[in-house]
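A.B. asks: This structure is in structure tokens; I'll ask about it shortly.
The values are calculated or read from the model by the stated rules, or taken from the named source; none is laboratory data. Bear in mind that the values here come from a model prediction, so they are computed numbers and not experimental data. Quick reminder, even Gly has a Cβ in these numbers, built from the backbone with ideal geometry, and neighbours come from all protein chains shown.
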Amino acid sequence: MTLCCIIYTLFAPFNASLGKEGIELDLMDSAQILENEQRKSKLIKYLVKFKGHKRITPLVSPAPVDILITLLGTVLGISFLSILLFIYEIPMLAASLGASAVLVYGVPDAPLSQPRNVILGHTFSASIGVLTYQIFGITWWSVALGAALALLVMLLTKTTHPPGGATAMLAVLNGAGPMFIVAPMISGSIILVLVAVLVNNLSPNRNYPRYWY
């Protein structure tokens, strides 16, 4: 009995140490497993988003009168704009204004179609595109940087206008100078908005703009 007590006393610390190490290893394994499961869960949640959601509202076509108004506004707005572009001999520098025409004449009620967004969105984007070219020149990354900075400024100033991204890209790709900001971008966007005010309000279903600023 005494011998057993002596042996137990000698090996007790060693056994306790092994027990603690085993517990620590188990805890580490459990934490690693939990972390892996959380990563899998985040990945699954991310991939599930690709499914989208089931559309619960029907697709609605504009009234016939609104379709005609849209057609008239687009023809007039782009015609006036084209005259300006040919006068300044810069037809390819204002392609993004064609996208703006789709918004202001096709979906005039949308927040992104309001004068504040159209005019200021193009103005900020053109300015950033010109500045980006002046500092960094034309490279693959300066084009991307110009578009990204334009989007950032539009978001911060609450003037988001999707065609503005194309405006910034055009400025960098074509090595545009400061005059690009005034003509065609500011003057062109003002022309589109003024035509939209005159033409969209011919429809009894439309009220443009919803707000100016």
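A.B. asks: Would you pick out the residues in segment 95-114 that are closer than 24 Å to LYS158 by Cβ and either of a type in the set (Val, Ile, Thr) or in contact with a Leu (Cβ under 7 Å, 6 or more places away or on another chain) (or both)?
C.D. replies: Passing the criteria: SER96, LEU97, SER100, ALA101, VAL102, LEU103, VAL104, VAL107, ALA110, LEU112, SER113.
A.B. asks: Can you tell which of VAL193, VAL130 is farther than 19 Å from ILE78 by Cβ, at pLDDT 95 or above and not acidic (Asp, Glu)?
C.D. replies: VAL130
A.B. asks: Of everything in segment 140-163, what is within 10 Å of the chain's Cα centre (by Cα) and not hydrophobic (A, V, I, L, M, F, W, C)? Give them in sequence order.
C.D. replies: THR160, HIS161, PRO162
A.B. asks: Of the residues that make up segment 184-194, is at least one closer than 25 Å to PRO62 by Cβ, of a type in the set (S, T, N, Q), in contact with a helix residue (DSSP H, G or I) (Cβ under 8 Å, 6 or more places away or on another chain) and loosely packed, with under 14 Cβ neighbours inside 10 Å?
C.D. replies: So far as segment 184-194 goes, no, none of its residues is closer than 25 Å to PRO62 by Cβ, of a type in the set (S, T, N, Q), in contact with a helix residue (DSSP H, G or I) (Cβ under 8 Å, 6 or more places away or on another chain) and loosely packed, with under 14 Cβ neighbours inside 10 Å.
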